[in-house]
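Everything on this sheet refers to the single structure shown next.
The values are calculated or read from the model by the stated rules, or taken from the named source; none is laboratory data. Computed from a predicted structure; not experimentally measured. Note that each Cβ is placed from the backbone with ideal geometry, even for glycine, and that neighbours are counted across all protein chains shown. Heavy atoms of the whole protein, side chains included, go into the accessibility calculation; ligands, DNA and RNA do not. Shrake-Rupley method; radii C 1.70, N 1.55, O 1.52, S 1.80 Å.
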Amino acid sequence: WWFYAGGIATLSGIAGLFSLVRIRQLQKFNKELETAAVSISLAEKKYRSIFENAVEGIFQVSPQGQLISANPAVAAIMGYDSPEQLLHEMPNVRGLVNTPNGQWQELLLRLRRENSINNYELQVRRKDGEPIWLAINVRVIRDDKSEMLYADGIMVDITVRKEGEEQL
């Protein structure tokens, strides 16, 4: 009898010890998760600030030409009051391009083939119809099956430079 009672007490003590160890492990894991969440939140705020305050236009576009996201600089360059207005009123970026259709197709083919294009110059129309020149850098983002998901891009208005070159 005493043997069984002692064995049960020992097992109970061991179970308690394991429970205590498990609780400490869970507390440590919880603290690590909280630290990671704070780090992720700070990183997100940092990169959101860079995106929102960049002088260059930063955008994402679908393979079909639909604008997925744009920062305030893209909206300003294109003559819109906000990125939200730009996204709402511009259904497809293809409609803004002032270049012959062949050049647009060439741009898309190069992008699909090369995955990125740097300093590509093209003329587009602002919201008010005014033509402007842009220099763009675009990079394709693909899924694990190598299908194009979207393209990330940066744009800079080079209209003043292009007009200066034309005057020379």
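From the list Asn115, Asn92, the one residue that fits, being open to solvent by less than 90 Å² (accessible area, probe 1.4 Å), in contact with a Gly (Cβ under 7 Å, 6 or more places away or on another chain) and closer than 15 Å to Gln60 by Cα, is Asn92. For segment 54-69, a residue qualifies if it is open to solvent by 10 Å² or more (accessible area, probe 1.4 Å) and either touching a residue at least 60 places away in the same chain (Cβ under 8 Å) or of a type in the set (Gly, Ala, Ser) (or both), and the qualifying residues are Ala54, Glu56, Ile58, Phe59, Gln60, Val61, Ser62, Pro63, Ile68, Ser69. Just one of (1) touching an Asp or Glu at 6+ places or on another chain (Cβ under 9 Å); (2) more than 14 Å from Val156 (Cα to Cα) fails for Ala135. It is (2).
Before we move on, is Ala36 open to solvent by less than 50 Å² (accessible area, probe 1.4 Å), at pLDDT 90 or above and under 30 Å from Pro131 (Cβ atoms)? The answer is no for Ala36. Note on segment 150-167: residues that are in contact (Cβ under 8 Å) with a residue 60 or more places away in the chain and not hydroxyl-bearing (Ser, Thr, Tyr) total 7. Scanning segment 120-166 for residues that are open to solvent by 70 Å² or more (accessible area, probe 1.4 Å), outside any strand (DSSP E or B) and of a type in the set (Lys, Arg) gives Lys127, Lys145, Arg161.
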